[in-house]
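See below for the structure under consideration.
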Amino acid sequence: MNNKKIIYDVGANNGDDIEYYLKKSDLVIAIEANPKLCEIIQDRFKTEIENKKLIVENCVVTILDDETEVPFYVNHSNHVLSQYPKPLNIGEFDEISLPAKNIISIVKKYGDPFYIKIDVEHYDHKILKKLLENKIIPTYISAEAHNVEIFPSLVVLGNYNSFKIVDGNTVSKKYKDHKIQTLNGIEEYSFPHHSAGPFGNDIHGPWMTAHNFFHTLGIIGLGWKDIHASKADASDPNYRPPPQVNISVKL
């Protein structure tokens, strides 16, 4: 049985989440499609890669059965908007052909996840559903709340009942000099802008039940927010965070 704490950074972008994940785990699997961003990650974390603490998978992560080449769309002005599904505003993207790997085959290759972060533009819900349908249900998981299928998938397919939310707009301010639990104890850490921010009990506040989280999500709406779910933590049936405090709505 594998006792390693393995974190999967699905949609690693330029690696702004990796430093934090390295502090929280024995191994990080960073999955990123854009070859230029993978080069940045490999340069930033050369030592960790050499020490086998970090593995970089340069591929388009999909739910396809076979590994193949697929089109990937790189945004001209903002790399965080690059995506696998063909965009409607195609004129703002360059199409390139990249290798694709099935999310299930990647997890089977490296081992059971302790935490999975899913942040792949307009494809989060499909990756999440594929994982849960294949009984890959990690202790902690998060996905961006751009699609209405994310939350019900976590509840129905994953049977999660403890939830928190992280607002992307406020991560760098709310979690500056923030105390986190690492493998080596408590330390202060500041999350950069455009990072996914903390997970698990590094996130402020108690865990919400599915019922209370549903009402909270109905008030604040979808958008640049990550829904976090836990199998390790009990939810507080009486807790609902004030939606107007520390959570901004991006119109």
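You will find that of Asp112, Asp94, the residue that is at pLDDT 95 or above and either hydrophobic (A, V, I, L, M, F, W, C) or over 26 Å from Asp177 (Cα atoms) (or both) is Asp112 and no other.
To keep it simple, each residue is scored yes or no on (1) under 21 Å from Gly200 (Cα atoms); (2) at pLDDT below 95; (3) not acidic (Asp, Glu).
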residue	(1), (2), (3)
Gly15	yes, no, yes
Tyr20	yes, no, yes
Lys23	yes, no, yes
Glu32	no, no, no
Leu37	no, no, yes
Ile49	no, no, yes
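Please determine whether any residue of region 59-66 is buried (at least 19 other Cβ atoms within 10 Å of the Cβ), closer than 30 Å to His178 by Cβ and at pLDDT 90 or above. There is at least one residue in region 59-66 that is buried (at least 19 other Cβ atoms within 10 Å of the Cβ), closer than 30 Å to His178 by Cβ and at pLDDT 90 or above.
Taking region 1-14 only, how many residues are part of a loop (DSSP other than H, G, I, E, B) and buried (at least 23 other Cβ atoms within 10 Å of the Cβ)? Number satisfying all stated conditions: 3.
For every residue, the table says whether it meets (1) touching a residue at least 40 places away in the same chain (Cβ under 8 Å); (2) crowded, with 17+ Cβ neighbours inside 10 Å.
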residue: Lys164; (1), (2): yes, yes
residue: Leu183; (1), (2): yes, no
residue: Ala196; (1), (2): yes, yes
residue: Met208; (1), (2): yes, yes
residue: Ala234; (1), (2): yes, no
residue: Pro237; (1), (2): no, no
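Tell me, yes or no, whether region 57-78 has at least one residue that is part of a helix (DSSP H, G or I) and either touching a residue at least 12 places away in the same chain (Cβ under 8 Å) or small (Gly, Ala, Ser) (or both). For region 57-78, residues part of a helix (DSSP H, G or I) and either touching a residue at least 12 places away in the same chain (Cβ under 8 Å) or small (Gly, Ala, Ser) (or both): absent. Does region 54-64 contain any residue that is among the charged types (D, E, K, R) and more than 30 Å from Gly185 (Cα to Cα)? Within region 54-64, none of the residues are among the charged types (D, E, K, R) and more than 30 Å from Gly185 (Cα to Cα). Taken over region 26-50, residues that are in a loop (DSSP other than H, G, I, E, B) and without any contact (Cβ under 8 Å) to a residue 24 or more places away in the chain amount to 0. Filtering region 15-25 for residues that are closer than 18 Å to Leu128 by Cα, among the acidic types (Asp, Glu) and in a loop (DSSP other than H, G, I, E, B) leaves an empty set. On inspection, Trp224 passes the criterion of being of a type outside the set (Gly, Ala, Ser) and modelled with pLDDT under 95.
So, Lys176, is that one free of Cβ contacts under 8 Å to residues at least 40 places away in the same chain and over 20 Å from Ser230 (Cβ atoms) or not? Considered against the rule, which asks whether it is free of Cβ contacts under 8 Å to residues at least 40 places away in the same chain and over 20 Å from Ser230 (Cβ atoms), Lys176 comes out as yes.
Checking every residue in region 79-90 against the condition of being within 23 Å of Asn134 (Cα to Cα) and either at pLDDT 95 or above or out of contact with any helix residue (DSSP H, G or I) (no Cβ under 6 Å at 6 or more places or on another chain) (or both) gives at least one match.
Any chance you could count how many residues in region 193-245 are among the hydroxyl-bearing types (Ser, Thr, Tyr) and over 25 Å from Leu183 (Cβ atoms)? Summing the residues that are among the hydroxyl-bearing types (Ser, Thr, Tyr) and over 25 Å from Leu183 (Cβ atoms) in region 193-245 gives 4. Being within 19 Å of the chain's Cα centre (by Cα), without any contact (Cβ under 8 Å) to a residue 40 or more places away in the chain and part of a loop (DSSP other than H, G, I, E, B): is that true of Pro113 here? Criteria not met by Pro113. Among the candidates Ile137, Ile141, the residue that is on the phi < 0 side of the Ramachandran plot, surrounded by fewer than 22 Cβ atoms within 10 Å (Cβ to Cβ) and touching a residue at least 24 places away in the same chain (Cβ under 8 Å) is uniquely Ile137. Under the condition of being surrounded by fewer than 17 Cβ atoms within 10 Å (Cβ to Cβ), within 23 Å of the chain's Cα centre (by Cα) and either in contact (Cβ under 8 Å) with a residue 60 or more places away in the chain or in a strand (DSSP E or B) (or both), the residues counted in region 79-96 number 2.
The values are calculated or read from the model by the stated rules, or taken from the named source; none is laboratory data. Because the structure is a prediction, the values reported are computed rather than measured. Note: ideal-geometry Cβ built from the backbone for every residue, glycine included; neighbour counts use all protein chains shown.
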